[in-house]
């Protein structure tokens, strides 16, 4: 018999009602031409680290509605599980999206070409994520300028603002007050309290664990949830 699991250690007090920034006010089109699964408010992101995933078990035995797949990194890297994961997750009815791991020491133009060559708009339900975790050896000024250029290129090509991802501490150190008109997914694995961004920025998703357990996936998996007041369609492509 199929079973469902609850979010790992998530408690109601960790997700208080958040002040909402409406999508329209952020110049984000709320409508999406892709499939938006509204069954649950939880999702996962996966890469080659999860190995071969049984997506039928994932969809049948967990309370998730969306899945983000690692697609690309830097100028040339393409995750070898990307095509399989994207196709299979979409087949079982999850809303799917793709993410690019940002490398500060690689030009934004080269990274955009890698994204463009592999993340095909017609295969996505959700906007791409740009995963921002390192500043590299570049200056703070160049880091922000190059990142802004990549975001601009991605936004122009896909016709929607990308979702930006970072850790709470990295955001508070390097990204305060930047990219205000974009949605963010923020990682913080201490589930006793939700992430706090020092500039007061609201974020649409919280990645609350890197050690989640999901039927169909061997080992740990990143899990995230939509914050109250936001809906998945706000990051629909």
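The values are calculated or read from the model by the stated rules, or taken from the named source; none is laboratory data. As the structure is a prediction and not an experimental result, all values here were calculated from the model. When we count neighbours, we look across all protein chains shown, and the Cβ atoms used for this are built from the backbone with ideal geometry, even at glycine.
Some points to look at:
- For segment 160-186, a tally of residues being without any contact (Cβ under 8 Å) to a residue 24 or more places away in the chain and not in a helix (DSSP H, G or I) returns 5.
- Qualifying residue in segment 209-228 (condition: farther than 23 Å from residue 126 by Cα and assigned to a strand (DSSP E or B)): yes
- Check on residue 150, under 30 Å from residue 87 (Cβ atoms), buried (at least 20 other Cβ atoms within 10 Å of the Cβ) and within 14 Å of the chain's Cα centre (by Cα): no
- Close contacts from segment 142-159, counting a first residue that is within 16 Å of residue 72 (Cα to Cα) and a second that is modelled with pLDDT of 95 or more and exposed (fewer than 14 other Cβ atoms within 10 Å of the Cβ), with Cβ to Cβ under 8 Å and a gap of 6+ residues or different chains, come to 153/109.
- Of everything in segment 112-141 that is free of Cβ contacts under 8 Å to residues at least 24 places away in the same chain and closer than 26 Å to residue 174 by Cα, the residue that is surrounded by the most Cβ atoms within 10 Å (Cβ to Cβ) is 139.
Matching residues to (1) touching a helix residue (DSSP H, G or I) at 6+ places or on another chain (Cβ under 7 Å); (2) within 22 Å of residue 109 (Cα to Cα):
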| position | (1), (2) |
| --- | --- |
| 147 | no, yes |
| 153 | yes, yes |
| 169 | no, no |
| 177 | no, no |
| 183 | yes, no |
| 191 | yes, no |
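- Residue, nearest to residue 55 (Cα to Cα), within segment 165-174, restricted to residues that are surrounded by fewer than 23 Cβ atoms within 10 Å (Cβ to Cβ) and in contact with a strand residue (DSSP E or B) (Cβ under 6 Å, 6 or more places away or on another chain): 167
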